[in-house]
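Colleague: Once you've had a glance at the structure underneath, I'll fire off some questions.
Here, each number is a calculation from the coordinates, and none is a lab measurement. Small disclaimer: the values here were computed from a predicted structure and weren't measured. Positions of Cβ are backbone-derived with ideal geometry, glycine not excepted, and every protein chain shown enters the neighbour counts.
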């Protein structure tokens with residue numbers, strides 16, 4: 001297995017990052033969300049909104065060789081937009097990305113992380129110590145607000 005590299009996203013990464021996220025949503029969330037919800041979620045991650053996120057958030061990218069295989073973001077005390085290319089899921093990349101963004105949060109003196117989990121990813125986040133806060137409904141579908149104290 002090639003070595004993993006993590007770096008901060010730049011505006012030059014907008015198109016591949018948008019593609020990774022949209023592909024992952026379409027593949028990974030198809031059992032829990034209907035097509036309309038999937039399309040609405042993908043629209044949130046078109047290149048223009050992704051560019052805005054890159055300018056306003058800390059977004060980390062994970063590469064295996066030259067292939068973009070994962071991403072995670074931090075905005076204030078929220079873990080945002082953690083996605084792993086479906087063919088690379090269940091290999092520990094998501095867990096590693098979450099640990100890395102939690103460390104970034106600790107360095108910013110953030111004592112508790114929040115996140116909006118898809119229904120699909122709820123069990124993943126629970127396994128990492130995130131606790132259910134409430135179910136929230138959005139036009140794109142239901143999401144789970146979760147939290148975790150950072151020690």
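Colleague: Kindly provide log₁₀ I(q)/I(0) values, in the same order as q = 0.13, 0.18 Å⁻¹, from the Debye equation applied to equal alpha-carbon scatterers of segment 4-110.
Modeller: At q = 0.13, 0.18 Å⁻¹ the computed log10 ratios are -0.45, -0.87.
Colleague: May I pose another question? Please identify, among 51, 12, 105, the residue showing maximal mean-square fluctuation in a Gaussian network model of the chain using a 10 angstrom Cα cutoff.
Modeller: Ranking 51, 12, 105 by mean-square fluctuation puts 12 first.
Colleague: Expressed as a whole number of Å, what is the distance separating the alpha-carbon centroids of segment 1-67 and segment 82-151?
Modeller: What the calculation gives is 15 Å, centre to centre.
Colleague: Say we join alpha carbon atoms closer than 10 Å with springs in a Gaussian network model of the chain; which of 45, 124, 78 then has the biggest fluctuation?
Modeller: Largest GNM mean-square fluctuation: 124.
Colleague: Next up: Please list, by residue number, everything in segment 1-41 whose backbone N is under 18 Å from a paramagnetic label point 7 Å out along Cα→Cβ of residue 108.
Modeller: Of the residues in segment 1-41, 7-11 have backbone N under 18 Å from the label point off residue 108.
Colleague: Let me ask you something else. Using C-alpha positions alone, give me the convex hull volume of segment 38-87 per residue in cubic angstrom.
Modeller: On the way: hull volume 4.8 nm³, N = 50.
In segment 38-87, the Cα hull volume divided by residue count equals 95 Å³.
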